[in-house]
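As structure tokens, the structure follows; a few thoughts come after it.
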Amino acid sequence: MAAAAGTSDAAGAPPAAPRDILGALWRSADLPPQALGPVVLSGEEPALPSSFRIGAAAQSTVAAVAAAAAAVHRRRGGPGQAARVAMRHAALEFHSEHYLRLDGAEPPNPWDSVAGTYPCGDGRVVRLHTNFPHHREGVLRLLKCEGTRDAVRAALRGWSAFDFEDAAVADGLCVTAMRSFAEWDAHPQGVATAELPPLRIERIGDAPPTPLPPLASRPLEGLRVLEITRVIAGPVCGRTLAAHGAEVLHISAAHLPSFDNLLADTGRGKRTARLDLRAPEGRDALRGLVAGADVFLQGYRPGAVSGHGFAPAELAALRPGIVCTSLSAYGEVGPWGGRRGFDSLVQTASGFNVAEAEAAGAAAPKPLPCQALDHASGYLLAFGTLAALLRRAEEGGSWHVRVSLAGTGAWLRNLGRLDDGFAAPAPRFGEIGDLLEESGSGWGRLTALRHSGWLDDTPPRWALPSVPLGTHEPAWV
């Protein structure tokens, strides 16, 4: 499929078509070209109102997972089959948390009342992420103000943006100053992130080749994924692996906050249990689960999970042949390597809000039309996980797959821009009935998007409904 007219990459050359983007991702995972079976990509850009190639990013990352799942199935003795991804469907799945209904009702507004962007006294802008109660309380404490937008706006007039960013980060809060692409590219973290590929797959230990399970009815059936994630990117990875048949056990803790309004969407296909890693018995239980896992998927701030004794090297020693899959906000390098972050903050810090506003001719900062860094990172994580499973079956070893939101942002930038991107409408819920399915859930009847990565012989589906955290026991089936 040819790219849309009026596009260009960062160097002004014609942009890569989605099929070429898929090919580049496949090569980056060191998978043999012959393992990439038939892939059918349909649709045209723009898919969502943006100057960035969100449709191409969605289609190529979803297709990478679907093609890798098909490769796993063939490796297990299954028939060859085509992977099919429609750009419109994939792009909408990048906003899946928006396109759902519970008992016919719209999802609640996911944002806290004081979250968002504000001007500071120096004329620059900061973004506050206050959806977790302790982050909200910390910001209000630092500003010494009440929890209203007017009070926050007035308090920030007494700060410069970079000073407030530094003070907030020192307090463990989620705040960033807004930067342009040029400013981010000159920033030490921007420099460090620019050197990272969107996906890193590294061998971290020795182990004999681990054969894939015997052939089953679904590509990933018989593979176990232990998921310790929150918010969107990590849960999207686990949800996608579950859609192709993996047994996914999501672990949370009762004392940690969560975005409950996301769980109906991202929890499909999973079981969910609770463990407290602060307690010896919680850590012992998790070690027992690791011993039976193929994949350890974690999406907390760098150091948060490993600090309890579950660093990749420790996991590889406990379970030789394991695939460790890790997500971070800003990468694990540079001065921000361990910093907390979310999609909206990384967009703000790395220049997307400024660039999108300039392209739209808008005076106010303009975010991308969806949490594109989160969703793309989730599919990149899932693709890297499957690539590592294929490689451990062939080469042996334990593996570490790493993705960062900032690295995904750099990759999205490098895909090029769309001159006519804002011509695409943002589809309304009532206009996408052909892409929706209904199922039960722990919160009522769920109407939500089907998975867009279609396989002809083993179509994706979620065998389990989404349910509240901690519904199940911490044990494998």
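Figures for the structure shown
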read-out	value
Any chance T61 is modelled with pLDDT of 95 or more and in contact with a Ser or Thr (Cβ under 8 Å, 6 or more places away or on another chain)	no
Checklist (1) crowded, with 19+ Cβ neighbours inside 10 Å; (2) of a type in the set (K, R); (3) outside any loop (DSSP other than H, G, I, E, B) applied to R287, failing item	(1)
Test: residue in the range 360-377 that is touching a helix residue (DSSP H, G or I) at 6+ places or on another chain (Cβ under 9 Å), of a type in the set (D, E, K, R), within 22 Å of L226 (Cα to Cα) and assigned to a helix (DSSP H, G or I)	yes
Any pair with Cβ under 9 angstrom, 6 or more apart, that starts in the range 311-338 at a residue that is touching a residue at least 60 places away in the same chain (Cβ under 8 Å) and surrounded by fewer than 24 Cβ atoms within 10 Å (Cβ to Cβ) and ends at one that is assigned to a loop (DSSP other than H, G, I, E, B) and polar (S, T, N, Q)	P320/T210; G321/T210
Candidates E202, E221, E227, filtered to the one that is outside any helix (DSSP H, G or I), touching an Asp or Glu at 6+ places or on another chain (Cβ under 9 Å) and either surrounded by fewer than 21 Cβ atoms within 10 Å (Cβ to Cβ) or not hydroxyl-bearing (S, T, Y) (or both)	E221
Contacts under 7 angstrom Cβ, first residue in the range 72-91 being closer than 13 Å to R218 by Cβ, partner buried (at least 18 other Cβ atoms within 10 Å of the Cβ) and not aliphatic (A, V, I, L, M), 6 or more apart	V72/P219; H73/P219; H73/T458; Q81/T458
Neighbours by Cβ (under 7 Å, 6+ apart or cross-chain): first from the range 236-255, within 25 Å of G282 (Cα to Cα) and polar (S, T, N, Q); second at pLDDT 95 or above and surrounded by fewer than 24 Cβ atoms within 10 Å (Cβ to Cβ)	S252/T272; S252/R274; S252/L469; S252/G470
Any hit, the range 138-145, residues being free of Cβ contacts under 8 Å to residues at least 60 places away in the same chain, touching a Pro at 6+ places or on another chain (Cβ under 9 Å), surrounded by fewer than 18 Cβ atoms within 10 Å (Cβ to Cβ) and basic (K, R)	no
Members of the range 175-197 found to be under 21 Å from the mean Cα position of the chain (by Cα), in a loop (DSSP other than H, G, I, E, B) and either at pLDDT 95 or above or farther than 26 Å from V401 by Cα (or both), listed by number	none
Cross-chain or 6+ apart pairs with Cβ under 7 Å, the range 422-448 first and on the phi < 0 side of the Ramachandran plot and among the charged types (D, E, K, R), then loosely packed, with under 12 Cβ neighbours inside 10 Å and not in a loop (DSSP other than H, G, I, E, B)	R445/E438
Some residue of the range 380-396 being among the hydrophobic types (A, V, I, L, M, F, W, C), touching a strand residue (DSSP E or B) at 6+ places or on another chain (Cβ under 9 Å) and part of a strand (DSSP E or B)	no
First in the range 20-31 and over 19 Å from G416 (Cβ atoms), second anywhere and crowded, with 17+ Cβ neighbours inside 10 Å and basic (K, R), Cβ under 9 Å, 6 or more apart	A29/R391; D30/R391; L31/R391
Selection count, the range 167-199, where residues are surrounded by fewer than 16 Cβ atoms within 10 Å (Cβ to Cβ), in contact (Cβ under 8 Å) with a residue 12 or more places away in the chain and within 22 Å of E137 (Cα to Cα)	3
Matching residues, the range 25-60, being in a helix (DSSP H, G or I) and buried (at least 16 other Cβ atoms within 10 Å of the Cβ)	L25, W26, S28, A35, I54, G55, A56, A57, A58, Q59, S60
Test: residue in the range 338-357 that is closer than 20 Å to A168 by Cα, in contact with a helix residue (DSSP H, G or I) (Cβ under 8 Å, 6 or more places away or on another chain), charged (D, E, K, R) and in a helix (DSSP H, G or I)	yes
Unique residue being modelled with pLDDT under 95 and assigned to a loop (DSSP other than H, G, I, E, B) when the list is A475, A463, A426	A426
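This table checks each residue for (1) under 16 Å from T408 (Cβ atoms); (2) charged (D, E, K, R); (3) in contact with a strand residue (DSSP E or B) (Cβ under 8 Å, 6 or more places away or on another chain).
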{"site": "S50", "(1), (2), (3)": "yes, no, yes"}
{"site": "A56", "(1), (2), (3)": "yes, no, no"}
{"site": "V62", "(1), (2), (3)": "yes, no, yes"}
{"site": "A71", "(1), (2), (3)": "no, no, no"}
{"site": "A82", "(1), (2), (3)": "no, no, yes"}
{"site": "R88", "(1), (2), (3)": "no, yes, no"}
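Table: residues versus (1) surrounded by 16 or more Cβ atoms within 10 Å (Cβ to Cβ); (2) polar (S, T, N, Q); (3) at pLDDT below 95.
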position	(1), (2), (3)
H244	yes, no, no
E247	yes, no, no
I251	yes, no, no
H255	no, no, yes
L262	yes, no, yes
D265	yes, no, no
K270	yes, no, no
A273	yes, no, no
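The values are calculated or read from the model by the stated rules, or taken from the named source; none is laboratory data. Values in this document were obtained by computation on a predicted structure and should not be read as measured data. Because the Cβ atoms are built from the backbone with ideal geometry, glycine has one as well, and the counts that use them run over all protein chains shown.
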